[in-house]
Every structure is written in structure tokens, then in C-alpha cells.
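Below is one structure, written out as C-alpha cells, with a few remarks after it.
The values are calculated or read from the model by the stated rules, or taken from the named source; none is laboratory data. Everything quoted here is computed from the prediction, not taken from an experiment. No Cβ is skipped: glycine too gets one built from the backbone with ideal geometry, and neighbour counts run over all protein chains shown.
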Amino acid sequence: HAKDQGRDGYCFFESSMNANAHEQLQLLQDLRHALERNELVLYYQPKVLAPNGQTTGAEALLRWQHPQRGLLAPDQFLPLAEKTGLIVPIGQWVINEACAQMRRWRVLGREDWSVAVNLSASQFAHSGLVETVRSALQRHALEPRNLTLEVTESTAMRDADTSLAILDRLAEMGVSISIDDFGTGYSSLLYLKRLPATELKIDRGFIRELEAGSDDAAIVAAIIALGRTLNLKVIAEGVETTPQRSFLTELGCDSLQGYLLGRPMPAQQLTDSFVTPQPA
Ligand code: C2E
Ligand code: MG
Ligand code: MG
Ligand code: MG
């Protein structure tokens, strides 16, 4: 009768909790073990210079190779990691792993690349961030400019004084700071001026339907001008088409990222196609 009992157990769960809550609970139990079981992976997406297509580095994007559910994207498990504090050890792993990969690229001659790591707000609340970064750079013998940290305005705003203080220390160390999804947050220009950023990343939302004469074109041009004024590099995310690329280049956007230039991919694949391309 074991089978029947199993079924009853399942039915009991179904009637007392909704299926989604049950699934989240299961996912959380799995996530607690994901690190030690080596199930987390970083994919990398190239960042290229707009005028000549030269690769200047890559952004690390977290994936979870779940034993039953397959490869999961961040939106399928990061909210849970943030809610439960698991984001702290996961975030430390990401920083360390991205730095380990940057070391491999340095060995292959890409000394001036920068690997970009995304940070969420809860990682700022945890005081160990600066130390985590410092020791990862040291362990992998990197220069601080080999690392870029991507933060959204809302992330930096959540506990602004604390976050700014931490970002200042990271910037003083020489680490680059990129403002991710720029234009979507609760943007105060005064606040932007206080952020020790080196790069603005224009949100994909402004790129998706970008065409000459549109509102998006005016906004993108304004962001590029703002970047110039504040002495920040400007990169566009979500570049999918050749017309978008040409237009952004024409507008003076410094760098591009998106499926057109390269999808997020395993480190080895990025190395094969962007570091040591095989002769055709
Ligand atoms: P993000 O940092 O803004 O990353 C860009 C997202 O857009 C990525 O989704 C990327 O795969 C996707 N993307 C890139 N190019 C294109 C394109 O041309 N078209 C379209 N439609 N999408 C494109 P992904 O990998 O699912 O990551 C989603 C978000 O999860 C990231 O947004 C970032 O905020 C967060 N995230 C990813 N990895 C980490 C991490 O290690 N730590 C933290 N704290 N957050 C992370
Ligand atoms: Mg990002
Ligand atoms: Mg983004
Ligand atoms: Mg985003």
C-alpha cells in the first residue's frame, strides 16, 4: 500500500497548501544543497565595443543545473535565495567563481578584460562584501579593474547610506561599478552623481523597439549624453538586431551587449569563440 499512501500524502499536500507553495518549499530545500552539490553554474555573455566589435569582457549570469528540473534561470530561484539569505553564500560563490574564470582568461592573454558580476540588495546588507571581493581578487591574482560589479539603482537605493559606503570602498579599491538596467529605477540624478560608477547600462526596455525618431531613441540619446557629462561609459543591453547595433553606434554608445553579439554561454564556449577562435 506504499503507493497509495504516497498518493494520499501528495493529495494531502495539494489540499492544504497550494501547489505553488509546495513547489517553492521543495525548491528551497533543493537550493540549500545546490552549492555543496556543485549545481550552480555561471554563463557568460560578451560585452563588445560598439565601433569595432572588440570584446572587452563578459558578464557572469547565474544558472542552476537542477537535477530534475533542468537548467534554471535566475528569476526561477534568486527571489527565493534573497528571501532566505541564501543569496549571501551564493553571491560569494559567484564572485569567487567569476574571478577564477577571469584568471583563466588572463592566462590566455586577456589581461585587460573585466568580468562583470551582478549584485542584489541583500548582498549589501551583509557586511562581508568588501572582504569577499578583496580576497577573491587576491586569491586569483587579479587587478581590481578585472572585476566589474553591476548594481541597479534600486539595489543601491534600498539602504542608500550603507550601499553607497560599500560601493565607495569597492571603487576606491579600483573595482569598476556599472549601473544596470539604467532608466528603469527610481532615478534621482543627484543620487546618480553620488554613485561611484564607471558605466551606465541602458535597460533593454529602451532598446527593444529602438528606431530613429522614436521616444526610445530620444531617451537613449539623452542617457548617452548624460554618460558623457558624468564621464561614464555607456553600454546598451539586449541588442538583438543589426539596425539596433548600427543606430546605437551612430548615437555614440560605447559598448553593446545582447543576443546579436553573443548569448550567455558556458565559459568554455565563450573562450572558444571569443578568446581562441578556431581558424575557419
Ligand atoms: P541583468 O543583469 O540585467 O542581465 C541581463 C539579462 O538579459 C540576462 O537574463 C540575459 O540572459 C538577458 N539577455 C541578454 N541579452 C539579451 C537579449 O539580447 N535579449 C533578451 N531578450 N535578453 C537578453 P538572465 O541571465 O535570466 O538574468 C536575469 C537577471 O538575474 C539579471 O539581469 C540579474 O539582475 C540577475 N542575475 C543574474 N545572475 C546573477 C547573480 O549571479 N547574482 C545576482 N545577484 N543576480 C544575478
Ligand atoms: Mg547585469
Ligand atoms: Mg540589465
Ligand atoms: Mg535586469
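Across segment 242-280, the number of residues qualifying as among the hydroxyl-bearing types (Ser, Thr, Tyr) and in contact with a Leu (Cβ under 6 Å, 6 or more places away or on another chain) comes to 1. Residues in segment 76-119 that are in contact (Cβ under 8 Å) with a residue 40 or more places away in the chain, over 12 Å from Glu59 (Cα atoms) and in contact with a Ser or Thr (Cβ under 6 Å, 6 or more places away or on another chain): Glu82, Gln92. So in segment 201-218, with the set limited to residues that are more than 16 Å from ligand 1 (Cβ to nearest atom) and within 11 Å of Leu251 (Cβ to Cβ), which one is surrounded by the most Cβ atoms within 10 Å (Cβ to Cβ)? Only one residue tops the list, namely Ala217. Criterion applied to Glu199, Glu153, Glu237 was being more than 15 Å from Ala116 (Cβ to Cβ) and of a type outside the set (A, V, I, L, M), and the one residue passing it is Glu153. The number of residues in segment 32-51 being under 22 Å from Met265 (Cα atoms) and out of contact with any strand residue (DSSP E or B) (no Cβ under 7 Å at 6 or more places or on another chain) comes to 3. Scan segment 145-161 for residues that are β-branched (Val, Ile, Thr) and touching a helix residue (DSSP H, G or I) at 6+ places or on another chain (Cβ under 6 Å) and the total you get is 1.
If you go through segment 123-135 and keep only what is crowded, with 16+ Cβ neighbours inside 10 Å, away from ligand 2 (no atom under 16 Å from the Cβ) and either modelled with pLDDT under 95 or polar (S, T, N, Q) (or both), you end up with Ala125, Thr132. Restricting attention to segment 22-53, the residues being at positive phi and of a type in the set (S, T, N, Q) number 1.
Of everything in segment 136-165, what is hydrophobic (A, V, I, L, M, F, W, C) and either within 16 Å of ligand 4 (Cβ to nearest atom) or at pLDDT below 90 (or both)? Give them in sequence order. Outline the logic, then answer.
Going residue by residue through segment 136-165, those that are hydrophobic (A, V, I, L, M, F, W, C) are 136-137, 141-142, 147, 149, 151, 156-157, 160, 164-165.
Matches in segment 136-165: Leu149, Val151, Ala156, Met157, Ala160.
Within the set Gly70, Gly109, the sole residue that is surrounded by fewer than 20 Cβ atoms within 10 Å (Cβ to Cβ), more than 16 Å from ligand 3 (Cβ to nearest atom), over 28 Å from Leu28 (Cβ atoms) and modelled with pLDDT of 95 or more turns out to be Gly109. Ser273 falls short on exactly one of the conditions (1) modelled with pLDDT under 95; (2) not in a helix (DSSP H, G or I), and that condition is (2). Which one is farthest from Thr152 (Cα to Cα) among residues in segment 170-200 that are in contact (Cβ under 8 Å) with a residue 12 or more places away in the chain, of a type in the set (Gly, Ala, Ser) and part of a loop (DSSP other than H, G, I, E, B)? Only one residue fits best here, namely Gly174.
Of everything listed in (1) in a loop (DSSP other than H, G, I, E, B); (2) at negative phi, the single unmet condition for Ala217 is (1). Whenever a residue of segment 227-247 is assigned to a loop (DSSP other than H, G, I, E, B), its partners that are acidic (Asp, Glu) and within 16 Å of ligand 3 (Cβ to nearest atom), lying with C-beta atoms within less than 7 angstrom and at least six residues away or across chains, give the pairs Leu232/Glu199; Glu237/Asp203. Would you say Ile177 is within 16 Å of ligand 3 (Cβ to nearest atom), farther than 21 Å from Ala98 by Cβ, touching a strand residue (DSSP E or B) at 6+ places or on another chain (Cβ under 6 Å) and modelled with pLDDT of 95 or more? So Ile177 does not fit the description; no.
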